[in-house]
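The values are calculated or read from the model by the stated rules, or taken from the named source; none is laboratory data. Just so we're clear, the structure is a prediction, and the values are computed from it rather than from any experiment. Cβ: placed from backbone, ideal geometry, glycine included. Neighbour counts: every protein chain shown.
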Amino acid sequence: MSGRNKSSLKLVAEDRYGSEKKKKRIRHQKRQKQRPITEPTVERGNIVTHAIGWIIRTFFTLIWRVFWRGALIVSVMIAIGIAYFYLELPKAQALLDGRARGSVTLLDLKGDVFAWRGDQFGGAIDAKSVSQDLHNAIIATEDRRFYRHFGISPRGIASAVRINLIEGRGPLSGHGGSTITQQSAKLLCLGVPFDPRKWKSERAYEGNCREGSIWRKVKEAIYSISMEMRYSKEEILTIYLNRAFLGAGARGFEAAAQRYFGKSASDVSIAESAMLAGLLVAPSRYAPTNNLSRSQDRAQLIIGLMEGQNFLSAEEANYARANPAVLSAAAQAKSGGYFADWVMQSGPSFFTQNTTEDVIIKTTLDQSIQNAAEDSLNFIFENQVRQGSKAQVAIVVMSADGAVRAMVGGRKSIVSGAFNRASQALRQTGSAFKPFVYASALNMGYKPYDLIDDRPLTLNIPGSGPWSPKNYNSKFKGSVTLVDAFKDSLNIPAVRLSEAVGSDTVRKVATGFGLSTDLAKGPAIALGASESTLIEMTGAYAGILNGGSSVTPYGLQELRLLGEDTPVMGAGGGIGERVIQEEAAMQLMFLMQQVVLSGTGRRATIPDWEVAGKTGTTQAARDAWFIGFTADYVAGVWMGYDDNTPLIGVTGGGLPAEIWKETMARVHKNKAPRPLPIDLSNTRLKKQLPSLTDDTKASRNPIEELLMKLMGSN
């Protein structure tokens with residue numbers, strides 16, 4: 001049994017490896033049977049479609065290769081540009097005052113600011129020192145994402161392009177989407193300084209800085225990114241605060257705050273901050289000195305932006321709307337435009353028009369007198385001149401030493417750089433010139449009551465033939481005194497007197513008193529055929545008031561540099577050399593007093609004040625003058641048309657005398673009356689006034705009678 005059992009056992013191992021190979025072969029065969037039978041691949045299309053396909057594949061392959069290589073090159077160039085600008089940028093403090101020229105601040109007689117010229121820079125400020133309301137107003141208005149972007153704002157640019165296209169403009173025309181950093185880059189002109197040798201003017205330079213080409217925009221973006229890498233956000237905002245132009249010559253927010261509100265940028269209110277921020281879009285248009293209501297309307301919009309961005313509560317915004325910003329007293333002042341221009345022209349140009357320094361000029365201007373002159377002019381034209389009249393007027397008021405207290409160069413008083421009829425218009429003087437004829441005669445020994453003929457006169461003028469002057473009314477009075485001839489402005493006695501003393505003598509006296517223009521030659525000089533400016537004529541009359549010495553009108557009292565106590569220069573005018581004797585000046589003042597008391601200038605009378613003056617009307621009434629004085633001030637008024645159109649119904653004793661009276665009455669209001677400086681007790685003067693004949697006595701007026709009695713004459 002045991003043998004059978006042993007023989008049934010397998011003595012050889014299984015062919016396991018061979019079996020595995022069979023199994024794999026079987027599985028492979030099964031997969032081969034299951035795989036679908038495919039037909040052989042057949043090429044489709046033709047040679048043309050093959051060529052087009054190849055071209056398209058090649059084109060896109062080429063584009064891709066050029067694109068990534070080009071992108072790499074552009075990126076490298078941008079990186080180089082950023083690095084270049086980064087290395088070129090100075091410290092932020094060096095970029096705060098970017099003016100190419102300085103400023104001129106003009107102070108009046110009391111030391112108050114009344115005008116600015118040039119680029120006013122109020123001093124460096126920084127983003128931390130300005131009012132928080134001003135800080136917020138600028139951010140809300142100009143760049144709400146300022147603290148989040150890297151110098152440029154793609155979102156802002158996209159929004160600006162969309163708005164420009166909607167409004168029918170080009171994508172880059174109009175709204176620019178510029179950040180404050182980009183605007184600062186533009187204000188810095190991308191680091192290119194002003195060079196007067198390269199640019200014809202600052203205007204041309206700034207125009208180039210504002211160029212809006214695509215290439216310029218690219219450079220601006222690169223420069224802005226460099227600024228963001230070089231400076232902190234507060235430093236960039238500080239540069240912007242100091243360099244932005246805000247109208248009326250104000251560079252920077254400190255200058256603008258001082259210019260418009262008379263306070264520092266650290267102290268401005270919400271409403272004032274909104275008004276200042278509103279200037280950024282169009283400084284000249286929205287300047288409150290040009291149009292306050294328009295500037296206030298713009299500020300209302302800014303307040304809304306501040307409220308919408310949670311810089312203001314509803315209560316703060318409503319209060320600011322209900323209490324809009326207003327100008328300071330100095331900014332409101334309507335005076336000084338013509339005067340300021342004249343002072344700027346009278347000083348050395350390197351300290352005035354072309355100054356690179358900040359200059360302070362103290363002037364002789366009295367703003368109360370300036371306002372009196374302007375108000376008087378407006379009053380007369382509103383009440384006595386037909387509406388729509390184009391006639392112009394100039395007014396000058398000065399002291400006896402030539403210190404100009406007021407100047408009106410035309411009917412439009414708020415001006416800068418306008419034609420000044422008081423200092424620039426050369427006009428025929430007419431009978432306003434006659435005081436210099438009589439001054440010549442009195443200085444040579446003639447007496448006020450000497451007789452002179454007022455009868456027909458014919459003179460033979462070499463090269464011109466016979467000349468027969470006539471009086472204004474074409475009548476003759478026969479034998480008259482110098483007093484009567486002068487107060488009635490008779491022409492023939494003036495010509496006779498001029499011929500008697502010599503026209504060269506008259507010319508010398510007139511020149512001595514400051515009439516610097518070429519004076520007419522021959523007998524016509526006596527009738528004011530020469531031309532002069534109003535300020536020259538008024539200065540010449542001031543020489544009569546001060547006793548016969550020449551006067552150089554001046555408005556500049558003292559010029560110094562900002563921060564310096566020692567003046568660079570002093571007054572540029574004043575009393576000069578004596579022209580006629582004091583006694584002759586007193587006699588002439590007496591003659592001029594009679595003009596106002598009973599002559600052609602009666603409409604210039606001021607109650608309780610002694611007034612002396614002279615009227616003047618030129619041929620065909622193209623010019624009308626009245627110039628006169630009290631013991632305190634000399635004032636001159638000219639009226640006429642710029643194109644020499646004759647005035648209708650106007651003489652020097654009419655509207656000019658009325659304007660003079662209105663001006664001087666306001667100037668002397670609340671002042672104690674003072675007599676004219678005519679010393680009737682002077683014995684030398686008494687000897688020069690002889691006794692009168694019976695014929696002369698009959699023509700005397702009460703003032704003349706009083707004069708004779710005081711001097712003991714019959």
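Over 17 Å from the mean Cα position of the chain (by Cα) and crowded, with 16+ Cβ neighbours inside 10 Å: is that true of LEU292 in this structure? When the stated conditions are applied, LEU292 does not pass them.
Of all residue pairs spaced 6 or more apart or on separate chains, those with beta-carbon atoms under 6 Å, a first member in region 669-685 that is at pLDDT 55 or above and a second member that is assigned to a loop (DSSP other than H, G, I, E, B) are PRO673/ASP608; PRO673/TRP609; ARG674/ALA631; PRO675/GLU610; LEU676/GLU610; LEU676/ALA631. Annotation: ARG507 fulfils all but one of (1) under 29 Å from TYR633 (Cβ atoms); (2) touching a residue at least 60 places away in the same chain (Cβ under 8 Å); (3) surrounded by fewer than 21 Cβ atoms within 10 Å (Cβ to Cβ); the unmet one is (2). Out of all the residues in region 177-187, is one or more touching a Gly at 6+ places or on another chain (Cβ under 8 Å), closer than 26 Å to ILE139 by Cβ and modelled with pLDDT under 75? For region 177-187, residues touching a Gly at 6+ places or on another chain (Cβ under 8 Å), closer than 26 Å to ILE139 by Cβ and modelled with pLDDT under 75: present. Taken over region 633-664, the criterion of being among the polar types (S, T, N, Q) and crowded, with 21+ Cβ neighbours inside 10 Å is satisfied by THR651, THR663.
In this structure, is GLY616 under 20 Å from GLN384 (Cβ atoms), surrounded by 23 or more Cβ atoms within 10 Å (Cβ to Cβ) and out of contact with any Lys or Arg (no Cβ under 6 Å at 6 or more places or on another chain)? Yes, satisfied.
Scan region 418-473 residue by residue and report those that are crowded, with 20+ Cβ neighbours inside 10 Å, of a type in the set (Val, Ile, Thr) and in a loop (DSSP other than H, G, I, E, B). Hit for region 418-473 is THR429, nothing else.
Filter region 82-119 for residues that are within 20 Å of ASP195 (Cα to Cα) and hydrophobic (A, V, I, L, M, F, W, C); which is modelled with the lowest pLDDT? Going through the qualifying residues, I end up with ALA100.
Annotation: of all residues in region 404-414 being among the charged types (D, E, K, R) and within 24 Å of ARG622 (Cβ to Cβ), the one that is surrounded by the most Cβ atoms within 10 Å (Cβ to Cβ) is ARG411. For region 595-633, the set of residues classified as farther than 21 Å from ASN670 by Cβ and among the aliphatic types (A, V, I, L, M) consists of VAL595, VAL596, LEU597, ALA612, ALA620, ALA621, ALA624, ILE627, listed by residue number.
Considering region 405-454 alone, what residues qualify as being closer than 25 Å to GLU583 by Cβ and of a type in the set (A, V, I, L, M)? Answer for region 405-454, where residues must be closer than 25 Å to GLU583 by Cβ and of a type in the set (A, V, I, L, M): ALA432, VAL437, ALA439, ALA441, LEU442, MET444, LEU451, ILE452. Identify all residues within region 602-646 that are under 31 Å from the mean Cα position of the chain (by Cα) and among the aliphatic types (A, V, I, L, M); write none if there are none. Residues satisfying the conditions are ALA624, ILE627, VAL634, ALA635, VAL637, MET639.
Residues in region 468-492 that are in contact with a Ser or Thr (Cβ under 7 Å, 6 or more places away or on another chain) and over 19 Å from LYS614 (Cβ atoms): SER468 alone. Counting residues in region 223-237 that are assigned to a helix (DSSP H, G or I), surrounded by 22 or more Cβ atoms within 10 Å (Cβ to Cβ), of a type in the set (S, T, N, Q) and without any contact (Cβ under 8 Å) to a residue 60 or more places away in the chain gives zero. Quick check: anything in region 559-572 surrounded by fewer than 24 Cβ atoms within 10 Å (Cβ to Cβ), touching a Leu at 6+ places or on another chain (Cβ under 8 Å) and of a type in the set (D, E, K, R)? No, the conditions are met nowhere in region 559-572. Of the residues making up region 124-150, just one is among the hydroxyl-bearing types (Ser, Thr, Tyr) and part of a helix (DSSP H, G or I), namely THR141. A count restricted to region 546-601 and to residues that are part of a loop (DSSP other than H, G, I, E, B) and acidic (Asp, Glu) stands at 2. From (1) farther than 18 Å from PHE590 by Cβ; (2) in contact (Cβ under 8 Å) with a residue 12 or more places away in the chain; (3) of a type in the set (A, V, I, L, M, F, W, C), pick out the condition that doesn't hold for ALA520. In the conditions (1) farther than 18 Å from PHE590 by Cβ; (2) in contact (Cβ under 8 Å) with a residue 12 or more places away in the chain; (3) of a type in the set (A, V, I, L, M, F, W, C), ALA520 misses (2) alone. Looking only at residues of region 267-297 that are among the small types (Gly, Ala, Ser) and without any contact (Cβ under 8 Å) to a residue 40 or more places away in the chain, we find that the one that is nearest to GLU307 (Cα to Cα) is SER295. Flag set for PHE513, criterion: in contact with a Gly (Cβ under 6 Å, 6 or more places away or on another chain) and at pLDDT 95 or above.
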